[in-house]
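I have a structure here, written as structure tokens, and I will follow up with some questions on it.
The values are calculated or read from the model by the stated rules, or taken from the named source; none is laboratory data. Nothing here was measured: the structure is a model prediction, and the numbers come from that model. In this analysis, Cβ positions are derived from the backbone assuming ideal geometry, glycine residues included, and neighbour counts consider all displayed protein chains.
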Ligand code: 48H
């Protein structure tokens with residue numbers, strides 16, 4: 001059989017169309033493909049849940065590619081090493097508490113293992129709003145990132161999910177949308193986003209875990225977004241908190257689904 005450009009086009013269009021149709025209704029929709037989103041997606045998929053992840057950029061991995069200041073090594077504390085091991089990511093002991101891993105191996109392995117576990121990832125799609133029913137988040141409003149970037153006036157599409165996880169990092173984009181539209185109703189002491197505080201790695205890593213929770217009915221927050229919502233500090237290029245937070249949010253949702 002001869003190679004045919006039209007068959008190549010048809011194959012791509014059909015397969016993508018099937019994939020999108022399969023994911024119009026899911027158990028969990030994750031926004032943001034950084035380390036916390038990937039870990040959450042991996043554990044949810046492993047537990048047999050139907051889970052989809054939307055990432056604005058062409059590449060998955062968020063802030064993990066660049067390690068610290070583009071030195072592409074990450075540091076992970078002892079208690080989170082087991083998560084690297086779960087994925088088969090190699091790490092090296094630096095001292096009794098700090099371990100290092102190659103940032104590129106971490107991103108690529110995590111992404112590959114999450115997809116093989118059953119997570120579906122759509123890249124180049126931005127989440128611009130949520131779907132709300134009776135004051136509960138029940139889905140996402142999505143559009144092509146290039147549409148967002150060029151500012152074209154193009155209406156979005158909507159996907160339904162029983163739960164949404166905001167793993168958009170420092171910007172807490174989904175939480176911001178809900179805060180703007182449901183004023184004063186977030187699950188924080190003031191009902192509003194408290195913002196991220198300055199560097200304090202040890203406190204930040206602990207806070208990341210305690211701040212990983214349901215922040216509005218149907219909406220969970222994990223990773224850096226958890227601290228940026230709840231007023232926790234930043235932690236710099238130590239990634240154990242992100243991994244543990246992804247695991248925690250997945251466990252909470254597995255319990256509820
Ligand atoms: C689709 C979106 C949208 C949107 C954003 O920043 P991330 O890597 O997030 P985490 O929380 O998993 O990891 C944080 C870590 O990388 C980090 O920044 C640390 C540890 N910083 C410490 C410090 O002190 O600075 O990934 C978030 C992802 C990115 O890929 C975005 O492109 C994506 O979310 N994203 N995707 N729709 N509206 N907003």
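Scan segment 169-176 and give yes if some residue there is loosely packed, with under 13 Cβ neighbours inside 10 Å and within 14 Å of the ligand (Cβ to nearest atom), otherwise no.
no
From the list 233, 237, 217, exactly one residue is away from the ligand (no atom under 16 Å from the Cβ), in contact with a strand residue (DSSP E or B) (Cβ under 8 Å, 6 or more places away or on another chain) and at pLDDT 95 or above. Which is it?
Selected residue: 217, the only one of 233, 237, 217 that is away from the ligand (no atom under 16 Å from the Cβ), in contact with a strand residue (DSSP E or B) (Cβ under 8 Å, 6 or more places away or on another chain) and at pLDDT 95 or above.
Say whether the condition of being within 15 Å of the chain's Cα centre (by Cα), surrounded by 17 or more Cβ atoms within 10 Å (Cβ to Cβ) and within 11 Å of the ligand (Cβ to nearest atom) is met by at least one residue in segment 131-141.
So far as segment 131-141 goes, yes, one or more of its residues are within 15 Å of the chain's Cα centre (by Cα), surrounded by 17 or more Cβ atoms within 10 Å (Cβ to Cβ) and within 11 Å of the ligand (Cβ to nearest atom).
Can you tell me how many residues in segment 19-29 are within 11 Å of the ligand (Cβ to nearest atom) and over 24 Å from residue 208 (Cβ atoms)?
0
Can you pull out every residue in segment 30-65 that is more than 6 Å from the ligand (Cβ to nearest atom) and assigned to a loop (DSSP other than H, G, I, E, B)?
Once the filter is applied, which keeps residues that are more than 6 Å from the ligand (Cβ to nearest atom) and assigned to a loop (DSSP other than H, G, I, E, B), segment 30-65 yields 47, 48, 49, 50, 58, 59, 60, 61, 65.
Do you know which of the residues in segment 21-47 that are surrounded by fewer than 16 Cβ atoms within 10 Å (Cβ to Cβ) and touching a residue at least 12 places away in the same chain (Cβ under 8 Å) is farthest from residue 220 (Cα to Cα)?
22
Right, something else. For residue 222, indicate whether it is touching a helix residue (DSSP H, G or I) at 6+ places or on another chain (Cβ under 6 Å), within 17 Å of residue 168 (Cα to Cα) and either buried (at least 24 other Cβ atoms within 10 Å of the Cβ) or at pLDDT below 95 (or both).
Yes, satisfied.
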